[in-house]
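Below is one structure, written out as structure tokens; the observations come after it.
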Amino acid sequence: MNKNWWKYFFKPLTAEVMFKPRLGIQTENEVKKVLSEINSTKKLNILDLCCGEGRHSHLFAKKHQTTGLDYTKDFLKVAKLKTPEKIKKNLKFVHGDMKLTSKYFDKNSFDLVTSLYNSYGYFDKRSDDFKVLTEVYNVLKPRGYFVINTLNGSGVAHHLGDHKPTGVGNEVEKNVFVLDNAYLNKKEMRTYSDWKIIDARKSKAKIFRGHFMQNVYTNTELKTLLKKAGFKIVKTWGALHGTEFDEKTSWHQTILAQKIQNL
Ligand SMILES: C[S@@+](CC[C@H](N)C(=O)[O-])C[C@H]1O[C@@H](n2cnc3c(N)ncnc32)[C@H](O)[C@@H]1O
């Protein structure tokens, strides 16, 4: 597998199966949950890291100054095209790599940074994953918040066997099928996934094959890394829209952390 898989995996068809089914009420609930936890009455300056096609950024920007950052140029194009006229003054999109975040923004710029829907753990070197946390720390204002939602290592180990690929097949919309074969390498604590997307909406079906790997962190590990980067842990919940977190069985963890001081 290519070490920099994240440069190649994200294509318009992947976006269609990842983002489209989550538009509408699901995304509204996710944004509502994040903003309710921050519980601020003022207009915030928000950075939506790994914003994809901007499904969360578009909703944040209804009330808040928002910047979406993503590496995939095709996604940013769609995010810009989908921006309604009336929120354009509140929203911009920046092309960039999450581990270089402080290259694009001044220190102490944002009240809230988000990394939503499993956009963490993508790098071959775990030190690069950690760098994302310190970069976020740098661009946050003192007392600013970071919401990170990613896989929960213990939950993934509970659900996926070691070197035993677990296959899941779904028809995500009529005549679009996703076959996902994934396993967890327990020694590396890294998942390896093979995706086949079959788009049979036209008479000549298209097949996309993509591979990705993701480092997984237990809740204790991720909290420890966040603290090492300078954060205080405020709260943990499970799926982004607000389910209970169970350390042993939850697939996802969402952590609200706060920048406590300048390093
Ligand atoms: C699972 S998607 C989540 C997108 C978005 N947060 C959402 O929930 O709709 C992960 C996103 O991370 C982006 N990405 C991958 N590697 C990146 C990197 N090194 N820097 C910035 N963005 C990256 C991808 O292009 C993709 O949009």
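Key figures
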read-out	value
Residue check, A257 among the hydrophobic types (A, V, I, L, M, F, W, C) and not in a loop (DSSP other than H, G, I, E, B)	yes
Residue count, segment 64-80 (criterion: under 18 Å from N45 (Cα atoms) and within 15 Å of the ligand (Cβ to nearest atom))	5
Extreme residue, nearest to A200 (Cα to Cα), among residues of segment 10-38 that are in contact (Cβ under 8 Å) with a residue 60 or more places away in the chain and outside any helix (DSSP H, G or I)	K11
Output for segment 72-122, where each listed residue is touching a residue at least 60 places away in the same chain (Cβ under 8 Å), touching a Phe, Trp or Tyr at 6+ places or on another chain (Cβ under 7 Å) and part of a loop (DSSP other than H, G, I, E, B)	T72, G121, Y122
Those residues of segment 123-134 which are outside any helix (DSSP H, G or I) and near the ligand (Cβ under 9 Å from one of its atoms), in sequence order	F123
Flag if H158 is more than 29 Å from K7 (Cβ to Cβ), outside any loop (DSSP other than H, G, I, E, B) and modelled with pLDDT under 95	yes
Output for segment 209-254, where each listed residue is assigned to a loop (DSSP other than H, G, I, E, B), farther than 23 Å from L184 by Cα and touching a helix residue (DSSP H, G or I) at 6+ places or on another chain (Cβ under 7 Å)	A229, G230, H241, G242
Which listed residue is surrounded by 16 or more Cβ atoms within 10 Å (Cβ to Cβ), assigned to a strand (DSSP E or B) and touching a Ser or Thr at 6+ places or on another chain (Cβ under 9 Å), from T150, T191	T150
Hits in segment 1-48 - residues which are among the polar types (S, T, N, Q) and farther than 27 Å from N138 by Cβ	N2, T14, Q26, T27, N29
Residue list for segment 81-109, filter: touching a strand residue (DSSP E or B) at 6+ places or on another chain (Cβ under 6 Å) and within 16 Å of the ligand (Cβ to nearest atom)	T83, L91, K92, F93, V94, G96, M98, Y104
Count of residues meeting criterion [crowded, with 18+ Cβ neighbours inside 10 Å and either at pLDDT below 95 or in a helix (DSSP H, G or I) (or both)] in segment 39-64	6
Any chance K206 is touching a helix residue (DSSP H, G or I) at 6+ places or on another chain (Cβ under 8 Å), in the same structural domain as W251 (by TED's automatic domain parsing) and loosely packed, with under 14 Cβ neighbours inside 10 Å	no
Filter result for the condition that a residue is in the same structural domain as G242 (by TED's automatic domain parsing) and farther than 26 Å from Y192 by Cβ, over K131, K77, K125, K99	K77
Filter pass, Y137 being within 16 Å of the ligand (Cβ to nearest atom), among the aromatic types (F, W, Y), at pLDDT 95 or above and not in a strand (DSSP E or B)	no
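Okay, residues lined up against (1) in contact with a Lys or Arg (Cβ under 9 Å, 6 or more places away or on another chain); (2) closer than 23 Å to L151 by Cα:
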position	(1), (2)
N90	yes, no
H95	yes, no
K99	yes, yes
S102	no, no
T114	no, yes
Y120	no, yes
K131	yes, yes
E135	yes, yes
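The values are calculated or read from the model by the stated rules, or taken from the named source; none is laboratory data. Values in this document were obtained by computation on a predicted structure and should not be read as measured data. Positions of Cβ are backbone-derived with ideal geometry, glycine not excepted, and every protein chain shown enters the neighbour counts.
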